[in-house]
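What follows is one structure encoded as structure tokens, with my remarks underneath.
The values are calculated or read from the model by the stated rules, or taken from the named source; none is laboratory data. Everything numeric here is computed off the predicted structure, so don't read it as measured data. All Cβ positions, glycine included, derive from the backbone under ideal geometry; neighbour counts span all protein chains shown.
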Amino acid sequence: MSARLTLTAVLMAWALSPTPAQAQDARTVIADATKAMGASNLTSIMLVGDAVQGNFGQSRTITFGLASTSIRNYQATIDFAATAMRATGDGVPGAAGRRGGPPPPAGPYELTVTAVSPWSEQFQIWVTPWGFLRGAAANAATARATKISGIPYTLVTWSPPIKAPSGKTYRVVGYINPLQLVDRVETWVDHPVFGDLHVDTTYIDFQDVDGVKVPTRTARKHAGMETFVAVISGVRVNPADVADLVAASAPAPAAPVPPAASEKLADGVYRITGGYVSLAVEFKDHVVVLEGGPSEARSLAVIAEAKRLFPAKPIKYVVSTHPHFDHAAGLAPYIAQGVTVVADDNSKFFVEAAFSEPRTLVGDLLAKSGKKPKVEGVIDTLVLKDETRALELYHVDDLQHSDSMLVALLPKERILFTADFNVPREGQSVSPSIATLVQNLDRLKLDFDRHVMVHAPDPDRPMTRADLYALAKEAR
């Protein structure tokens, strides 16, 4: 690749142009940028290089300082005409998260997007510089002039035909610089935690490949956190075998949400199964639910079961075991009903901020309620109690999986409740997190007989203190 372009080389020419961008309509702006990008006849492209993916929503620290996975032999092919994309590579554990968090496990990397994929996946086609221009030309774009750090830009905005779950339109905004290159594209996707999640992608160091301008570096941020970086070293324009390059096996259909069922563990204490396990705990005039769960649908099922078990008592608190998205995505229905979220103090601000974001795209119960989250933080220990019972919550120190993990103890009933300290499947090694848990239990002098987990063992069976300590010995 050659013929590197620099922005400053044409600023003077832009300033002297007799038809500045702000005098042009959107159609002209798009046509000129398409010509400058060499994208007039571009229908597909293959990019090869190396990439890094941030572990968004699953890192030890839930915000900045994400753990990452390096993607070697990265190859991404996009067929704009078919609205299809496939990216592959070799995932290799990369830099750890802040404070020594563990990288995600190694394994093959694969991303597949099709014309029927939701916008939360399909946007990756349309925020590329060439996809953006193609979408803008087809979807009644608008244009306006602006300056960023003194540099003139034309902002082009358009909406795809896909509608958000709320029925609202999505929005895509591209930044066309004085070279008439698209060097930044932003959009918003619906997200169960962040609501209208802002996704911002920037492109730098454009080079000419067979007449097409290709950025050699791509950087993407979700909610301001860098989640993807790619450095491109090879390009194929309109590859003849594009159909083979984007072909992939059909994704497995989404599993239906299992119905909630309850199992009595003690008077006023029920284990609610059917997916991620929750506990419903009865107090004198209210109920506490342990574990938010992975989705609105799952939480609604748990809420309904808790109300069936205790019809005269409202849910006052929901305890968030930790803020990983597969455990926090189900908090929204509780917040919509005015339930207070109890979270580790390290994630208190995150929960408050994320669930306070606009939710115009999501269309869920929280969006319709207009309520803001009420969050109570647990610094080290918090005891929820009345004259009927006590529920003790503890922060787990030095855990690599999450720095915001809570475990719960019902001391009278001698029940411990935890998340993500899982029994390994056959052939898998025991997670070192289990040894960390036991060290904390010993430090805190917590005693119990039964161990109830969010992720039930397979096959589901009662777990005891002895079972947990036996696993910890294997992990050391």
**Message:** The conditions are (1) of a type in the set (A, V, I, L, M, F, W, C); (2) closer than 24 Å to Ala266 by Cα; (3) in contact with a helix residue (DSSP H, G or I) (Cβ under 6 Å, 6 or more places away or on another chain); (4) surrounded by fewer than 19 Cβ atoms within 10 Å (Cβ to Cβ), and Val430 fails exactly one of them. Which is it?
**Reply:** (2)
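If you go through region 160-178 one residue at a time, how many are assigned to a loop (DSSP other than H, G, I, E, B) and either buried (at least 21 other Cβ atoms within 10 Å of the Cβ) or β-branched (Val, Ile, Thr) (or both)? Let's see the steps before the verdict.
Quick first cut of region 160-178, residues assigned to a loop (DSSP other than H, G, I, E, B) only: 160-162, 164-168, 170-171, 177-178.
Filter again for either buried (at least 21 other Cβ atoms within 10 Å of the Cβ) or β-branched (Val, Ile, Thr) (or both), leaving 162, 170, 177-178.
Residues that pass the stated criteria total 4.
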**Message:** For region 210-225, check the following and say yes or no: at least one residue is assigned by TED's automatic domain parsing to the domain that holds Thr77, touching a Pro at 6+ places or on another chain (Cβ under 6 Å), assigned to a strand (DSSP E or B) and surrounded by 17 or more Cβ atoms within 10 Å (Cβ to Cβ).
**Reply:** no
**Item:** Residue pairs meeting the criteria (Cβ under 7 Å; at least 6 apart or on separate chains; first surrounded by fewer than 14 Cβ atoms within 10 Å (Cβ to Cβ), in region 453-475; second at pLDDT below 90)
**Value:** Asp458/Arg425
**Matching option when the condition is in the same structural domain as Ala329 (by TED's automatic domain parsing), farther than 29 Å from Gly195 by Cα and not acidic (Asp, Glu), among Leu384, Leu393** = Leu384
**Asked** Looking only at residues in region 339-376 that are closer than 12 Å to Ser404 by Cβ and surrounded by fewer than 17 Cβ atoms within 10 Å (Cβ to Cβ), which one is nearest to the chain's Cα centre (by Cα)?
**Response** Phe349
**Asked** Only one of (1) within 23 Å of Thr83 (Cα to Cα); (2) β-branched (Val, Ile, Thr); (3) in a loop (DSSP other than H, G, I, E, B) fails for Val193. Which number is that?
**Response** (1)
**Complete:** The residue from Thr69, Thr34, Thr6 that alone is within 18 Å of Arg184 (Cα to Cα) and at pLDDT below 95 is Thr6
**Fill in**
Scanning region 135-150 for residues that are within 14 Å of Thr34 (Cα to Cα) and surrounded by fewer than 21 Cβ atoms within 10 Å (Cβ to Cβ) gives Ala137, Ala138
**Prompt:** Hey, any hits in region 350-365 for a residue that's on the phi > 0 side of the Ramachandran plot and in contact (Cβ under 8 Å) with a residue 24 or more places away in the chain?
**Reply:** yes
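Would you be able to say whether some residue in region 381-394 is modelled with pLDDT under 95, out of contact with any Leu (no Cβ under 8 Å at 6 or more places or on another chain) and over 23 Å from Met463 (Cα atoms)? Give the derivation first.
Filtering region 381-394 for residues modelled with pLDDT under 95 gives none.
No: zero hits.
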